[in-house]
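Read the structure below first, then the notes.
Quick note: the coordinates plus some simple rules give every number you see, no bench work behind them. In this text, all values refer to a predicted model and were calculated from it rather than measured experimentally.
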Amino acid sequence: MEKRKIEELKQVIIRLYAERGVENLLKYISLRGDGWHKVSSEAPAETPITYCSGKENEHNIEIRIPGIRTFLKEKGSIEKNICSYDFRICLSNNKNNKGLTPIKHTDIVKYLYEIVARIENPKQRGKKYEELKQILTNVYNDNEIFQYPFNEIIEYGKKYEGNLSLVEIITFIKWCSAQEELNFSGNRAWGKDLSFARYFEAIYYAQFKNESGLKKVLKNTENKEKGIPSLHKNPEIYGGCLDHRYTDK
């Protein structure tokens, strides 16, 4: 699992951009027919990270730059200045070599929900919710997550629906958080808070097997509506991580 802190991952991306340089990155950007631009699939993996080594369904998580928002400011043009430290978080299956699949925020939300909701026993489901809530709180605060009485080999090596384990999901969350903190923080921007709000909400509804609640979270995750995103009326479901969002006006 990715053990570096989110702040460290931000510096990794900044260094990658500095090492590659603008002209080199521009080689992988082109305009599509509709005027927006695309990133070539030939862009090399900058940071391959392998998990579950030697086990069945081994996955490889790759960080690739540039991203689709690196240069583009307006439709029909490609600016030759870096606009954001955008990057792609991709997943590939080494065993079958089926290529890369970008990871979406909605995928993470679904996996987190399933980890809790799949447990039939209500008492055990509630326990799992509390465990996962504490893990998310620690990841948000860049704290060590293995100080709790979990069996890392059993708990974190277990594959859930979709053949992803919690170690991989946490890794996605860390890299997504680094990206959001680089590109969407400061002033009234939410940075990683927006995604973590959806993560906490997903497991909250999962403890009740509330699928309508999950649908609401997924809709908010897609963030199609403009304006400041809404939060649950109970701030405690966010593990204290978003208390400042209830006082910010």
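Of note:
- Residue pairs exceeding 31 angstrom between C-alpha atoms, taken from 128/215; 38/133; 38/233; 192/233: 38/133; 38/233.
- Residues whose amide H comes within less than 5 Å of that of residue 47, counting only those at least five positions distant or on another chain, are 63 (H built at 1.01 Å from N in the peptide plane).
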